[in-house]
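Enquirer: Okay, here's the structure, questions in a sec.
The values are calculated or read from the model by the stated rules, or taken from the named source; none is laboratory data. Please read these numbers as outputs of a predicted model, since none were measured by experiment. Reconstructed Cβ throughout: ideal geometry from the backbone, glycine too, with neighbour counts over all protein chains shown.
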Amino acid sequence: MIERAAAAHRAGLDSLTIGDRHGLDRPYYQNAPMLGRLLAEWGDGPAGCLYLVPLWHPVLMAEQIGTLASIHTGPFIVQTGIGGGEDQFAAMGANLRTRASRTELQIEVVRRLLAGETVTEPRLGITGAHISPVPPERVEWWIGASVDAGIDRAARLGDTWYGTPGMSLAQAGERLAVYHEACGRHGRQPTKAVLRHDVYVGESDTEAQESTRPIIEKGYRGIDPRALIIGSTQTVAERLAAYGDLGYTDIIVRQMSVPQDLALASISRLAEVKANLG
């Protein structure tokens, strides 16, 4: 992860963010301490963390954001999701059925804490909570969702909607239209639209297909292979440009799970992909 963050910085990529997952039986390096380390490789470009909000105590989440945003020298992005998986929720003692309503309530509490307020919220058992440090500048909120209700939440509460991976071009266009419609209903003017995709940039189209075939044949992350962005720098640039034509302003690249030497080479080639996109 450290090597990949350094490679992303050398490639001139625009932002660095890290995910969130809990209760696994395999190594998963947790977001706050890991991002604290990766910032040393990154510089002052935008950086941030994903938080699966219902799995976090809101005061702890606000403290982690406040600390990271204070030590980072650039803009800080909070990405949020409602999470899923009965095993993950059970491991964290969280209620899967109430995750949507709890997400909205906790986002409100975290934002108030980050603004320096003292917060009492009986529904969460919180009395007289405050945090320090608070972010020196306002953090940006990207709210991840795929269904209509979640996209509506992003339009109401977020700075932008954060599209989940696995969407085809047609699905991405349809979901973006839902977001724009929701923004209109809530009197919001969308300034950006963000989509995450799993990507591998190879030496050529042939090499890219051969390098990723083994993991795709094993059912890579349950994602439809047609939604994966795989190919040469030119092919990847063309695929990403198509999402730009739909109205997406940012593509968050998650490197596919190939061996480290291939992943680092793929990240370095993203510099050329970015140049091709203008």
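Enquirer: Among the numbered criteria (1) part of a helix (DSSP H, G or I); (2) in contact with a Phe, Trp or Tyr (Cβ under 7 Å, 6 or more places away or on another chain), which single criterion is violated by Ile267?
Expert: Ile267 satisfies all of (1) part of a helix (DSSP H, G or I); (2) in contact with a Phe, Trp or Tyr (Cβ under 7 Å, 6 or more places away or on another chain) except (2).
Enquirer: Quick test of your reading of the structure: Ile230 fulfils all but one of (1) β-branched (Val, Ile, Thr); (2) closer than 27 Å to Glu140 by Cα; (3) not in a helix (DSSP H, G or I). Name the failing condition by number.
Expert: Single failed check for Ile230: (2).
Enquirer: Another question about this same structure. Taking only region 191-247 into account, find how many residues are within 20 Å of Arg4 (Cβ to Cβ), among the acidic types (Asp, Glu) and within 20 Å of the chain's Cα centre (by Cα).
Expert: Count: 1.
Enquirer: I'd like to check something: does region 125-148 contain any residue that is within 26 Å of Ala69 (Cβ to Cβ) and part of a helix (DSSP H, G or I)?
Expert: The answer is no; no qualifying residue exists.
Enquirer: Moving to a separate point now. Just checking, does region 258-273 include any residue being modelled with pLDDT under 95 and either more than 26 Å from Ala145 (Cβ to Cβ) or surrounded by 15 or more Cβ atoms within 10 Å (Cβ to Cβ) (or both)?
Expert: No: zero hits.
Enquirer: May I ask you to list pairs of residues, at least six apart or on different chains, whose Cβ atoms are under 9 Å apart, with the first in region 57-81 being assigned to a helix (DSSP H, G or I) and the second being among the charged types (D, E, K, R) and surrounded by fewer than 22 Cβ atoms within 10 Å (Cβ to Cβ)?
Expert: As it stands, the answer is Pro58/Glu108; Pro58/Glu121; Ala62/Arg111; Ala62/Arg112; Ala69/Glu137, since those pairs meet every condition given.
Enquirer: Answer with yes or no whether Gly43 is of a type outside the set (A, V, I, L, M, F, W, C), surrounded by fewer than 17 Cβ atoms within 10 Å (Cβ to Cβ) and within 23 Å of Val147 (Cα to Cα).
Expert: No, not satisfied.
Enquirer: Of the residues Arg175, Arg138, Arg156, Arg185, which single one is basic (Lys, Arg) and within 26 Å of Arg239 (Cβ to Cβ)?
Expert: Unique residue meeting the criteria: Arg175.
Enquirer: Considering region 156-215 alone, what residues qualify as being in a loop (DSSP other than H, G, I, E, B), on the phi < 0 side of the Ramachandran plot and among the small types (Gly, Ala, Ser)?
Expert: Of everything in region 156-215, those that are in a loop (DSSP other than H, G, I, E, B), on the phi < 0 side of the Ramachandran plot and among the small types (Gly, Ala, Ser) turn out to be Gly158, Ser168, Ala193, Gly202, Ser204.
Enquirer: What about Gly12, is it among the small types (Gly, Ala, Ser), out of contact with any His (no Cβ under 7 Å at 6 or more places or on another chain), modelled with pLDDT of 95 or more and within 27 Å of Asp152 (Cα to Cα)?
Expert: no
Enquirer: Is there a residue in region 229-250 that is touching a Phe, Trp or Tyr at 6+ places or on another chain (Cβ under 7 Å), within 20 Å of Val78 (Cα to Cα) and among the aliphatic types (A, V, I, L, M)?
Expert: no
Here is a yes/no grid of residues against (1) surrounded by fewer than 17 Cβ atoms within 10 Å (Cβ to Cβ); (2) farther than 17 Å from Ser70 by Cα:
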{"position": "Ala8", "(1), (2)": "no, yes"}
{"position": "Leu16", "(1), (2)": "no, no"}
{"position": "Arg26", "(1), (2)": "yes, yes"}
{"position": "Ala32", "(1), (2)": "no, no"}
{"position": "Cys49", "(1), (2)": "no, no"}
